[in-house]
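Some notes on the structure that comes next.
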Amino acid sequence: MAEKFVIEGGHKLEGEVEINGSKNAAAQLLGAALLTDQECIIDNLPRVEDILVLLDVIKGMGAEVDWLEERKVKIKGKNIDPEKLDFEKFSQARVSVLLIGPLLSRFKNFKISRPGGDRIGLRPITTHLIALRELGTEIEEEGDFYYFHSNGLKNNEITLPEFSVTATSNLIMAASSILGETLIKGAACEPEISNLVEMLKEMGVKIEGLDTHALNIIGAKNLKGGNFSVMPDRIETGTFMVIAGLAGRIKIKNVRLDHLALFLAKLKELGVNFEKDSENSVIVNYSSKLKASKIQALPYPGFPTDLLPLVVPLLTQAEGRSLIHDPLYENRLNYTQELRKMGADIEIVDPHRAFVFGKTELKGVRIESWDIRAGASLVVAALIASGKTTISNIYQIDRGYEKLDERLNNLGANIKRI
């Protein structure tokens, strides 16, 4: 039977919480470990469902996967065979798409099933396919499968049609084993990309243009293994900052605030009280005088699309009318229907925009999590709602947040997993 959260709202939260490794960065580093037949040790892994499923997929293909510590894993992908790919598991997690680039670098023929993940609208891998064809790959789509054929990847100058993080990652990894230069224009420059680039450089790949939208990759044969670490999760950092601003005083440790500059500027504009405590920690206090604002999700360094659902509960407690705009996914705003059941005054303008009117009192009801970030948004709302809120389909939350209920209970929340 599917698990649910039952959350009793209104409890003051106080204490410390440590941010785990980034789910999205971890998936890229795990994929990159398959580019070499040598051992790769990856530390600071988040033990969330998406990452555990991805490790199962990698192990199922024949890689040696050994946990050295709670968050440290050793991978040796020398003997992987894509014909052993577990299509059902592959389709469970959207991050599985990050195996395409590494597999292309090593195999001439293989197939994958359609990647799954969030219910936030169409998320085709069209951008991936366009770019990888430019490297000399033939790709056919039949039913629920993609078939990849290559007689050897070749250098090229490629312009991506959108700033896609996963497409950029796949292209970088595929190009890492091609001798000579591959130029990627329109590359995403999120911190997760930088984390991947740092790993690939240590493995022997030359990459120029870090933190820009133009990357020049000079590939190499026989890439090395090594020890690598996953960056802190900036989305999890933002999640706990929003929670603290609404429900108490929390010291948040192991953060990279430089990865959240525009998000922090927007929190300050909204009236959230926070202060930098050290180089890698921040203290956020309950903020009673929140102001309405306009927030648009944009590629890095813009406001992260994954944090837009998290600030909506904040906006329900702000005086005035706020506007949120997510141009990326047509179903991203579905979670606002669940917030409306709780009493939020939200008017959906179109599939990408909505007005949020505040200040409104939220009440506990029965609601459902649509995706990772929508689920976290509902948890935030439930923490400040009167009465009890039951959130179903919390598997979606577990995909991206490790033991969120336990960590919040340690801060003083009242959450039961049933």
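The rows are residues; the columns are (1) under 19 Å from the mean Cα position of the chain (by Cα); (2) among the aliphatic types (A, V, I, L, M); (3) under 30 Å from residue 389 (Cα atoms).
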| site | (1), (2), (3) |
| --- | --- |
| 16 | no, no, yes |
| 45 | yes, yes, no |
| 50 | yes, no, yes |
| 57 | yes, yes, no |
| 76 | no, no, no |
| 79 | no, no, no |
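Residues in the range 259-280 that are within 17 Å of residue 303 (Cα to Cα), in contact (Cβ under 8 Å) with a residue 24 or more places away in the chain and not charged (D, E, K, R): 259, 260, 261, 262, 263, 267, 270, 271, 272.
Exactly one residue out of 195, 170 is touching a His at 6+ places or on another chain (Cβ under 9 Å) and either under 26 Å from residue 327 (Cα atoms) or not in a strand (DSSP E or B) (or both): that is 170. When the range 64-75 is filtered for residues that are more than 21 Å from residue 19 (Cα to Cα), touching a residue at least 12 places away in the same chain (Cβ under 8 Å) and surrounded by fewer than 21 Cβ atoms within 10 Å (Cβ to Cβ), the ones remaining, listed by number, are 64, 74. Within the range 242-284, being touching a Phe, Trp or Tyr at 6+ places or on another chain (Cβ under 7 Å) and part of a strand (DSSP E or B) holds for 248, 249, 250, 252, 282, 283, 284.
Would you check if there is a residue in the range 311-319 being part of a strand (DSSP E or B), among the β-branched types (Val, Ile, Thr) and at pLDDT 95 or above? There is no residue in the range 311-319 that is part of a strand (DSSP E or B), among the β-branched types (Val, Ile, Thr) and at pLDDT 95 or above. Inspect all residues belonging to the range 114-131 and state whether any of them is farther than 21 Å from residue 329 by Cβ and of a type in the set (Lys, Arg). Taking every residue of the range 114-131 in turn, none turns out to be farther than 21 Å from residue 329 by Cβ and of a type in the set (Lys, Arg).
Among the residues of the range 106-116, some residue qualifies, meaning at least one is outside any loop (DSSP other than H, G, I, E, B) and in contact (Cβ under 8 Å) with a residue 60 or more places away in the chain.
Quick check on my filter: what residues within the range 270-284 are under 20 Å from residue 247 (Cβ atoms) and not aromatic (Phe, Trp, Tyr)? Selection gives 270, 271, 272, 273, 275, 277, 281, 282, 283, 284. Counting the residues of the range 210-229 that are in contact with a helix residue (DSSP H, G or I) (Cβ under 6 Å, 6 or more places away or on another chain), aliphatic (A, V, I, L, M) and either in the same structural domain as residue 313 (by TED's automatic domain parsing) or in a strand (DSSP E or B) (or both) gives 1. The residue of the range 346-372 that is surrounded by the fewest Cβ atoms within 10 Å (Cβ to Cβ), among those that are under 18 Å from residue 4 (Cβ atoms) and touching an Asp or Glu at 6+ places or on another chain (Cβ under 9 Å), is 365.
Give the residue that is modelled with the lowest pLDDT, with candidates limited to residues of the range 115-137 that are more than 16 Å from residue 24 (Cβ to Cβ) and basic (Lys, Arg). Of everything passing the filter in the range 115-137, 119 is modelled with the lowest pLDDT. Once the range 267-298 is narrowed to residues that are within 23 Å of the chain's Cα centre (by Cα) and buried (at least 19 other Cβ atoms within 10 Å of the Cβ), the residue that is nearest to residue 22 (Cα to Cα) is 282. Residues in the range 26-61 that are of a type outside the set (Gly, Ala, Ser) and closer than 22 Å to residue 236 by Cβ: 17 in all. Scanning the range 373-397 for residues that are more than 23 Å from residue 248 (Cα to Cα) and buried (at least 22 other Cβ atoms within 10 Å of the Cβ) yields a count of 2. Of everything in the range 306-324 that is more than 14 Å from residue 335 (Cα to Cα) and without any contact (Cβ under 8 Å) to a residue 40 or more places away in the chain, the residue that is surrounded by the fewest Cβ atoms within 10 Å (Cβ to Cβ) is 320.
The values are calculated or read from the model by the stated rules, or taken from the named source; none is laboratory data. Predicted model only: the values in this text are computed from it and were never measured. As a convention, Cβ positions derive from the backbone with ideal geometry for all residues, glycine included, and neighbour counts pool all protein chains shown.
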